[in-house]
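Written below as structure tokens is the structure these notes are about.
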Amino acid sequence: MIPINATIARLSFQALFGRRRGLVLMLVPALLIGLAVLIRVLTEQGVGYELVDSVGFTLALPIVALLGASAVLGPEVDDGSIVYLLAKPVSRHVVATSKYVVGWLATLAFGAGPLFVAGMVIDASDPQRALGWLVGGAVAGTTYAALFLGLASVTRHAVVVGLLFVLLWEGLLGGLLRGIRWLDLGAWGTEVASAISSSITAPGTGLTYAVTASAVITLGSVWFAGDRLRSFTMRGDE
Amino acid sequence: MTTLTLDAVSRWYGNVVAVNGISMTVGPGVTGLLGPNGAGKTTLIALMAGFLSPSAGTVTLDGEQIWRNTDVYRRVGLVPEREISFGYLTGRQFVLANAELHGLTDPGAATERALEIVEMVDPAGRRIGTYSKGMRQRVKLASALVHDPGVLLLDEPFNGVDPRQRLHLMGLLQRMGAEGRTVLFSSHILEEVEQVARQIEVVVSGRHAASGDFGAIRRLMTDRPVQYVVVSDDDRRLAAALIAEPSVVGVTVRDRGGLDVAVSDLGSFVVRLPLLARGAGVRLVELTPTDESLESVFAYLVSA
């Protein structure tokens, strides 16, 4: 039983979609699927599948996770208004977990789901491959959302730090140094995806490592965010 | 009966001491926490509300540690100075969310009751983003009252609130105090504190400068040496009359006209000055306190 507070979750949902960030969150998958449709219309079936892994999985998914996870926690911590939610007899870990669940569901819906749709649009003849990216995306999205929630609980620059992590660490260095895969959330998701579809190349960490590492980062990050909230400090204007 | 106790509490950030060895007991009734901006009032309220850990000393509610103890919020209502940024919610939705988070059995009824207390039932259907400062303040108060807490902590509740709403808020706080709740609010304005609180705690530069009944604090603040500039149509004649006055400790004739007058007892000086001037046949043109800022009043209290 995951400890969730329905009120916190509802407020987080409203915070996510009641602001402009919610629109950007939906714009990213819309662009991805739009591009997939464009590629399918202009080319043969199966051509341009790189869109799903190189753009959808590597870029759109972490960006959606970053926007979702930081939006449910970041603004309230930044402006201090989270104090209204925390001055309650509710465990801070429950607050963090409830917020995580909202950011996580948004990541699954707007980050992982569109991978399947884009994959099927480009190549309807290989549903197994699209399914691989959906499941791999779900695993990576779960981990990304947790990591970025943890980041949002320590720094108000969570979006910048998160982008640097995705673009520099995983994108640039991950492409140059093979050893990075051991500390690359995306590589772990790809490992899971490759276990489902043989058309997906495994980064080579092994499925057990990928799943275990993802679980450890997820649970650790959400616990860390809760622990940070336990020490939340109210600051005045003075 | 709910009592907040601070025992030798200090809080520092690196080399900066925000709160320095403060001990105080806050019991039922209204207590005013008075001090200039930057004195450490918000830090103290954060310590009392469990949103800051003391670097030294203890903060307890009826003997129970407050820091990292979310259970105390069943008995504590907090109105932070921070604005509510939940502008996309209506006032009612916001108060209801607070009621739900407290796990009340009937959050809807508790919400309406709290909105009634602060007289916000009608505008509660509007989004918080459309509220005036006073209305936001009242919704914040409603959210803090929704679980009927024994302790109410308010950080600068009258800041930016218009005079009519201020009176209403003051009345509310007095009523809460009369009902036996422990109400503590901070302010940097003496008159504000005087109107609501009987018990006043003065904090200056992180130190506990004075504590007591508002009458005693008022006397401490008025019976202090003060500098005045007095301009009249015959300064030297007035100076001669002034120096004979026991409450005057020094008179200097200014180059550009007028007198610098040092007064030891403000209370009797302000009563005596017009009588003296009339007796000496001197017309007073100007009377300016040169040292009347609240900061200097506080500085005096600390050095006393």
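The values are calculated or read from the model by the stated rules, or taken from the named source; none is laboratory data. This structure is a prediction, so every number in the text was calculated from the model and none was measured. Cβ: placed from backbone, ideal geometry, glycine included. Neighbour counts: every protein chain shown. Just the protein is used for accessible areas: all its heavy atoms, side chains included, with ligands, DNA and RNA removed. Shrake-Rupley method; radii C 1.70, N 1.55, O 1.52, S 1.80 Å.
Side notes on the structure shown:
- Of the residues screened, residue B:82 is not one that is surrounded by fewer than 17 Cβ atoms within 10 Å (Cβ to Cβ), assigned by TED's automatic domain parsing to the domain that holds residue B:123 and of a type in the set (Lys, Arg).
- Condition check for residue A:151: hydrophobic (A, V, I, L, M, F, W, C) and closer than 18 Å to residue A:78 by Cα: yes
- Residue within region B:118-137 that is open to solvent by less than 10 Å² (accessible area, probe 1.4 Å), within 14 Å of chain A (Cβ to nearest Cβ), aliphatic (A, V, I, L, M) and assigned to a helix (DSSP H, G or I) present: yes
- The set of residues from region A:6-32 being within 8 Å of chain B (Cβ to nearest Cβ) and not basic (Lys, Arg) comprises A:6, A:7, A:8, A:11, A:14, A:15, A:18.
- Region A:186-238 - residue that is of a type in the set (D, E, K, R) and under 25 Å from residue A:168 (Cβ atoms) and, of those, nearest to the other protein chains (Cβ to nearest Cβ): A:228
- Scanning region B:167-179 for residues that are closer than 15 Å to residue B:32 by Cα and open to solvent by 60 Å² or more (accessible area, probe 1.4 Å) returns B:174, B:175, B:178.
- Only a single item in (1) over 30 Å from residue B:11 (Cα atoms); (2) aromatic (Phe, Trp, Tyr); (3) in contact (Cβ under 8 Å) with a residue 24 or more places away in the chain is not met by residue A:169, and it is number (3).
- Among the residues examined, residue A:25 does not qualify as in contact with a Ser or Thr (Cβ under 8 Å, 6 or more places away or on another chain) and in a helix (DSSP H, G or I).
- For region A:105-115, the criterion of a residue being more than 14 Å from chain B (Cβ to nearest Cβ), under 30 Å from residue B:143 (Cα atoms) and surrounded by fewer than 24 Cβ atoms within 10 Å (Cβ to Cβ) is satisfied by at least one position.
- Region B:1-16 residues that are under 21 Å from residue B:148 (Cα atoms) and at pLDDT below 95, paired with ones that are in a loop (DSSP other than H, G, I, E, B) and hydroxyl-bearing (Ser, Thr, Tyr) (beta carbon under 7 Å, 6 or more apart): none
- Of residues in region A:91-104 being among the hydrophobic types (A, V, I, L, M, F, W, C) and open to solvent by 10 Å² or more (accessible area, probe 1.4 Å), the one farthest from the other protein chains (Cβ to nearest Cβ): A:104
- Selected residue (criterion: modelled with the lowest pLDDT) from residues of region A:134-155 that are hydrophobic (A, V, I, L, M, F, W, C) and open to solvent by less than 10 Å² (accessible area, probe 1.4 Å): A:152
- Residue pairs meeting the criteria (Cβ under 6 Å; at least 6 apart or on separate chains; first at pLDDT 95 or above, in region A:82-105; second among the basic types (Lys, Arg)): A:89/B:74; A:92/A:230
- Against the test of being surrounded by fewer than 23 Cβ atoms within 10 Å (Cβ to Cβ) and more than 14 Å from chain A (Cβ to nearest Cβ), the options B:53, B:23 yield a single qualifying residue, B:23.
- Taking region B:138-161 as the range and being in contact with a strand residue (DSSP E or B) (Cβ under 8 Å, 6 or more places away or on another chain), more than 11 Å from chain A (Cβ to nearest Cβ) and under 20 Å from residue B:74 (Cβ atoms) as the test, the residues that pass are B:141, B:145, B:150, B:151, B:152, B:154.
- Note on region A:216-236: residues that are exposed (fewer than 15 other Cβ atoms within 10 Å of the Cβ) and either closer than 16 Å to residue A:156 by Cβ or over 17 Å from the mean Cα position of the chain (by Cα) (or both) total 3.
- Residue B:31 vs. criteria without any contact (Cβ under 8 Å) to a residue 24 or more places away in the chain, touching a strand residue (DSSP E or B) at 6+ places or on another chain (Cβ under 7 Å) and assigned by TED's automatic domain parsing to the domain that holds residue B:192: no
- Matching entry among A:231, A:153 (being out of contact with any strand residue (DSSP E or B) (no Cβ under 8 Å at 6 or more places or on another chain) and in contact (Cβ under 8 Å) with a residue 12 or more places away in the chain): A:153
- Scanning region B:85-95 for residues being open to solvent by 10 Å² or more (accessible area, probe 1.4 Å), under 29 Å from the mean Cα position of the chain (by Cα) and more than 7 Å from chain A (Cβ to nearest Cβ) gives a total of 2.
- Residue that is more than 14 Å from every other protein chain (Cβ to nearest Cβ), hydrophobic (A, V, I, L, M, F, W, C) and assigned to a helix (DSSP H, G or I), where the choices are A:67, A:85: A:67
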